[in-house]
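Peer 1: The structure's right below; bear with me while I get my questions together.
The values are calculated or read from the model by the stated rules, or taken from the named source; none is laboratory data. None of these values were measured; they are calculated from a predicted model. Here Cβ is always computed from backbone atoms with ideal geometry, including for glycine, and neighbour counts include all displayed protein chains. To get the accessible areas, we keep the full protein, side chains included, count just its heavy atoms, and leave off ligands, DNA and RNA. Shrake-Rupley method; radii C 1.70, N 1.55, O 1.52, S 1.80 Å.
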Amino acid sequence: MKVAIFSTCVVDLLFPNVGQAMVEVLERFGCETALPTDQICCGQPTYNSGYRKESNKVFYNEIDALLSANADYIVGPAGSCVAMLREYPHILKDDPEYSQKAQELADKSYEFSQFLYNVLGVIDAGAQLDATATYHRSCHMTRLLGEKTAPFKLLEQVKDLKMVPLPHLENCCGFGGTFSVKEPEISKQMVDEKVDSVISTGAKILISADASCLMNIGGRFSRRNESIKIMHIAEVLNHNVDTSRIRYKDQPTTV
Amino acid sequence: MTISTSDKPFLTRVKESENDHFMQQSVAKAQDAQWDKRTAAREELGNWEQWRDLGEQIRQHVIKYLPDYLEQFSDNVTKKGGHVFFAQTDEEAANYIKEIAKKKNAHKIVKSKSMVTTEIDLDKVLLSLPDTSLMETDLAEFILQEDDWDEPTHIVFPTLHKNRNQIQKVFKKLGYSGTNDPEEMAKFARKYLREYFMQADLGITGCNFAIADSGLINLVTNEGNADLTMAIPETQIVVMGMERIVPSLKEAEVLDNMLCRSAVGQKLTSYCSFSGKQVVGESDGPSDFYVVILDNGRSNALGTDFEPVLQCIRCGACLNVCPIYRHIGGHGYGSIYPGPIGAVLSPVLDGYEKFGDLPFASSLCAACTETCPVKIPLHNLLIKHREVMMDKLKMDHSFNNVLMKGAGVATSSPILFKMALEGDHLGSAPLSKSKKTTVDNLFNYGHIEKAPSLGAGWTNVRDLARPPKHSENFRSWYKKHKKEQQEGVSHD
Amino acid sequence: MTNQNKETFLDRIATKSGRARHQLSKHPFIPVNDLPETTLSGKSQDELFEIAKKNSEAVHVTFERTDTTSLASLLNSFLSKKDIQNLILPTTDKWSTYGLSEWEKERSDSAEFWLPESSRKENLEKANSADGAIGFADYLLAESGTITVATTPGQGRGFHFLPTHYLSIIPKSCILSRSRQAMHKYEDAISSGKLVTSNINFITGPSNSGDIEMVLVVGVHGPLDMTYVVVEDL
């Protein structure tokens, strides 16, 4: 099965560890990966700011780039960015050249944990991590992509990992793309409440499937001189893997 | 237009909200409590998503055939001896009502909670009449009135920003001598308002839904003040936004069920009434019945991308889930319609000049869209507003227009992006700090505490990760990784 | 003049929306699903009774069951328990149906009645002075613990809202599953001319408010408490 890696601009620019972990996990499960080099960004920063015309060029480039790999699936390490790819068919529905391509792209695009759990049918990725952690649910992954289950199911099975529920799971962390730079006064209050919630769990690690939220919450932790370790879910599922523990949905519990 | 509640700039209002800790705590507490109640009430009903489909369908249908339904409703009210006035503007509506009050020689006016009358600033207009007094009879609105006409902060819980001691102080001015116990204070208000009610000669109500095929109006309350307003005075004036209409009692019933669950987590509120002009043989209820149907900017939404905003049934659920509202409260929005619905509706009613800030005051988390019982795509409409301001009106909106357009160019051009990828680590060198961070595994290549231009908004609040060297970024790693795979080198 | 006002307004919004007027007869509302009809459907009267009881008690209602032979004594104990001095009763021909003809006669001196021939002021003053009201409801909705009443000349609007304590009598056969079923009944009664009314009240428990610090206060403008009495043999 061929998988095109939708790396996202944030991972491309800042977090090689996230992209690396995702690729390694996918390949471990038999995916042949490809990284389309002309991809840049899903277009949310400009589109969500109201720059519709400027955004079209971004969409076109991303569609052409990601489809160029001729892959069976397109997988990215960010619920929000993948949700944006799934929005393309709505946004470009009247575009004579791109409406169909947008649909093709959307149909085969998945967020990493969603792909692992729903498409590959992985229940236990074989990972081990001896820690207490909590999970931040990104708004776009939950509400726009509609993925509320996969990351929790996969994290549940990580050996020695104790997951503590995060209070006010439903509240946004205050990232919101350009919102975080445009409205820092409000964003600060939101991220402060999120940091307080994370601290209240006593968790040593904060996990999420969206690098941007982690960048926001972690950035505030750092500014407040509070201690935490930040891990993308791909990094957790790639940690100390024992392939003999790997389990799929259609497989009996005992090997 | 008077949906505006403040002349202060948006950021000043945000700052004031941030300093109002009681308000922030109250809002958070209310949101958390309502989250549980609302979720439970919806789960108990079952098939909530299908109910939403039905709610959306009803509302979209009446908006689509709005002139027909308004005509039907108006004809039915008239047939029963009532009067209907169609008002284009707030001023037309307020003047019409003022004339009725004069004609009826009204001295004591009772009002039950109505956002539309706040919108047309009716209280002030009526109080300008000689020998006329007026009483807001909803407990919260009564408190606001007696506190020198303070502005509401929530469309369902208008006094969310006030604590019991503040309310006790307000009541003391009216002769109250009891404690700050909510029940004791409510009993005082009951008695105080009941005396006034019994002498009232004009009642003014809002309208949750107007029933087209019967000419009745549907009001949904918990306190019973609306029903007293419709029972005691000889004259009743109903003021309704033109979109608040349903075909028949059946659709009113559906929406009441969804409204009550969404607004306060109740199956039905204490009182859901379907009411019109007194009929022969009845001794109470209005013998004179007037309905004022108001546009006041609503028609700006018709035929545009913003038409879905007219689906709103004013349940306030979007306020109760909004993380922005949670922190800036109702006053932060500067409109009588706050929260996500207010951020969409206020610019439609009253333009971008006054309310252009509001659509940007959202992280687009879509909690509003998810909770809306009639499926208004609220966060999408916020993006639409941004689009109108940026793309069509070219409003710079104190945002770095050039930089954002630049971002559009950069993120659509692979070559420019690759240049950025190569230059970023080096480019950020003068900005980065060697100081150790308390956060593990986020700042593997250093961090930045003070970024220039657009980035300043970020670093005013939080540290920014420094980009890796080109040779260490994801694409470089992937290239190496692929090469190793092709060469058959196994990596550890 | 009103007509011109209406036509101008409606023409304007039709133009703005880009849709012609007078399309409705060709496009009536056809609901996308039948949830209002099917939700909580197919329950027996006994099952509905149990659901109604549970949901009424959840909204702070005192829920009683009795039959026509014991109804009078139940009403008497309500009056003494609430220490009601000024009772108001409706003018209705229902008394005999409920076996209350005698009971009503006994009260003709001590209680006030909402009288069709009295003025607005007289009836409202009576209801306002009353510390108790005993009235008849049309239906009880099981799902929400709601009584429904249409205003009649003998049982006006103020009757349900002004007195301090309130008791409502409902035949068990008139327990309906939800508000939808009540709407069908009212629509039928109104269109057939059986019911002529200006007002239908759906009342769900005593009045309440959360306006002060979101603390639930029971009893604001309307009655401070509510008692529903279901008569099992009717």
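Peer 1: Looking only at the stretch B:137-152, count every residue that is in contact with an Asp or Glu (Cβ under 6 Å, 6 or more places away or on another chain) and free of Cβ contacts under 8 Å to residues at least 24 places away in the same chain and tell me the total.
Peer 2: Total satisfying the criteria: 2.
Peer 1: Output yes when any residue across the stretch B:331-350 is part of a loop (DSSP other than H, G, I, E, B), modelled with pLDDT of 95 or more and either over 29 Å from B:Gln34 (Cβ atoms) or hydrophobic (A, V, I, L, M, F, W, C) (or both), and no when none is.
Peer 2: Checked against the condition, which is being part of a loop (DSSP other than H, G, I, E, B), modelled with pLDDT of 95 or more and either over 29 Å from B:Gln34 (Cβ atoms) or hydrophobic (A, V, I, L, M, F, W, C) (or both), the stretch B:331-350 yields no hits at all.
Peer 1: Something else: May I ask you to verify whether A:Asp196 is modelled with pLDDT of 95 or more, open to solvent by 10 Å² or more (accessible area, probe 1.4 Å) and part of a helix (DSSP H, G or I)?
Peer 2: Considered against the rule, which asks whether it is modelled with pLDDT of 95 or more, open to solvent by 10 Å² or more (accessible area, probe 1.4 Å) and part of a helix (DSSP H, G or I), A:Asp196 comes out as yes.
Peer 1: Quick one: in the stretch B:3-46, which of the residues that are assigned to a loop (DSSP other than H, G, I, E, B) and surrounded by fewer than 15 Cβ atoms within 10 Å (Cβ to Cβ) is farthest from the other protein chains (Cβ to nearest Cβ)?
Peer 2: Across the stretch B:3-46, the extreme among qualifying residues is B:Asp7.
Peer 1: Which of (1) free of Cβ contacts under 8 Å to residues at least 40 places away in the same chain; (2) assigned to a helix (DSSP H, G or I); (3) within 21 Å of the chain's Cα centre (by Cα) is the odd one out, the single condition C:Ser77 does not satisfy?
Peer 2: It is condition (3) that C:Ser77 fails.
Peer 1: Read through the list (1) open to solvent by less than 30 Å² (accessible area, probe 1.4 Å); (2) within 7 Å of chain C (Cβ to nearest Cβ); (3) in contact (Cβ under 8 Å) with a residue 12 or more places away in the chain, then give the number of the only condition that B:Gly82 fails.
Peer 2: B:Gly82 satisfies every listed condition except (2).
Peer 1: Quick one: which helices (runs of 4 or more DSSP H) lie wholly within the stretch A:1-119 and hold at least 1 residues that are more than 10 Å from chain B (Cβ to nearest Cβ) and farther than 29 Å from A:Ile207 by Cα?
Peer 2: A:52-67, A:79-91, A:99-107
Peer 1: Inspect all residues belonging to the stretch A:204-216 and state whether any of them is basic (Lys, Arg), within 12 Å of chain B (Cβ to nearest Cβ), under 23 Å from B:Ser17 (Cβ atoms) and surrounded by fewer than 23 Cβ atoms within 10 Å (Cβ to Cβ).
Peer 2: No, the conditions are met nowhere in the stretch A:204-216.
Peer 1: Look through the stretch B:172-195, keep the residues that are buried (at least 16 other Cβ atoms within 10 Å of the Cβ) and more than 10 Å from every other protein chain (Cβ to nearest Cβ), and return whichever of them is farthest from B:Cys312 (Cα to Cα).
Peer 2: B:Tyr176
Peer 1: Shifting gears a bit: Could you tell me whether any residue of the stretch C:11-25 is open to solvent by 50 Å² or more (accessible area, probe 1.4 Å) and at pLDDT below 95?
Peer 2: Yes; the residues of the stretch C:11-25 include at least one that is open to solvent by 50 Å² or more (accessible area, probe 1.4 Å) and at pLDDT below 95.
Peer 1: May I ask you to verify whether A:Glu147 is modelled with pLDDT of 95 or more, closer than 21 Å to A:Val11 by Cβ and either open to solvent by 10 Å² or more (accessible area, probe 1.4 Å) or part of a helix (DSSP H, G or I) (or both)?
Peer 2: yes
Peer 1: Name the residues in the stretch C:158-215 that are aromatic (Phe, Trp, Tyr), within 7 Å of chain B (Cβ to nearest Cβ) and crowded, with 23+ Cβ neighbours inside 10 Å, would you?
Peer 2: Result: C:Phe161, C:Phe202.
Peer 1: I would also like to ask the following. Of everything in the stretch C:105-128, what is open to solvent by 10 Å² or more (accessible area, probe 1.4 Å) and in contact with a Pro (Cβ under 9 Å, 6 or more places away or on another chain)? Give them in sequence order.
Peer 2: C:Phe113, C:Leu115, C:Pro116, C:Glu117, C:Asn128
Peer 1: Still on this structure: Looking at the stretch A:1-18, which of its residues are open to solvent by 20 Å² or more (accessible area, probe 1.4 Å), farther than 10 Å from A:Ala78 by Cβ and in contact (Cβ under 8 Å) with a residue 60 or more places away in the chain?
Peer 2: A:Met1, A:Lys2, A:Leu14, A:Asn17
Peer 1: On to the next question. Could you run through the stretch B:207-251 and say how many residues are closer than 23 Å to C:Gly158 by Cβ, more than 8 Å from every other protein chain (Cβ to nearest Cβ) and of a type in the set (Gly, Ala, Ser)?
Peer 2: Final tally of qualifying residues: 2.
Peer 1: Could you identify the single residue in B:Ile109, B:Ile167, B:Ile155, B:Ile204 that is on the phi < 0 side of the Ramachandran plot, open to solvent by less than 30 Å² (accessible area, probe 1.4 Å), within 11 Å of chain C (Cβ to nearest Cβ) and in contact (Cβ under 8 Å) with a residue 24 or more places away in the chain?
Peer 2: Testing whether each residue is on the phi < 0 side of the Ramachandran plot, open to solvent by less than 30 Å² (accessible area, probe 1.4 Å), within 11 Å of chain C (Cβ to nearest Cβ) and in contact (Cβ under 8 Å) with a residue 24 or more places away in the chain leaves just B:Ile167.
Peer 1: Every residue in the stretch B:356-399 that is open to solvent by 10 Å² or more (accessible area, probe 1.4 Å), among the small types (Gly, Ala, Ser) and more than 21 Å from A:Arg143 (Cβ to Cβ), please.
Peer 2: Scanning the stretch B:356-399 gives a single hit, B:Ser398.
Peer 1: Which of the following residues is in the same structural domain as B:Asp424 (by TED's automatic domain parsing), of a type in the set (Ser, Thr, Tyr), at pLDDT 95 or above and open to solvent by 10 Å² or more (accessible area, probe 1.4 Å): B:Tyr445, B:Tyr478?
Peer 2: B:Tyr478
Peer 1: For residues in the stretch B:288-312 being closer than 22 Å to C:Asn199 by Cβ and more than 8 Å from every other protein chain (Cβ to nearest Cβ), which is surrounded by the fewest Cβ atoms within 10 Å (Cβ to Cβ)?
Peer 2: Per the stated criteria, the residue is B:Asp288.
Peer 1: Okay, next question. Write out, first by first residue and then by second, each pair whose Cβ atoms fall under 7 Å of each other, whose residues are 6+ apart or on separate chains, and whose first residue, in the stretch C:114-127, is assigned to a helix (DSSP H, G or I) while the second is polar (S, T, N, Q).
Peer 2: Going by the 7 Å Cβ cut-off, the qualifying pairs are C:Arg120/B:Ser283; C:Asn123/B:Ser283.
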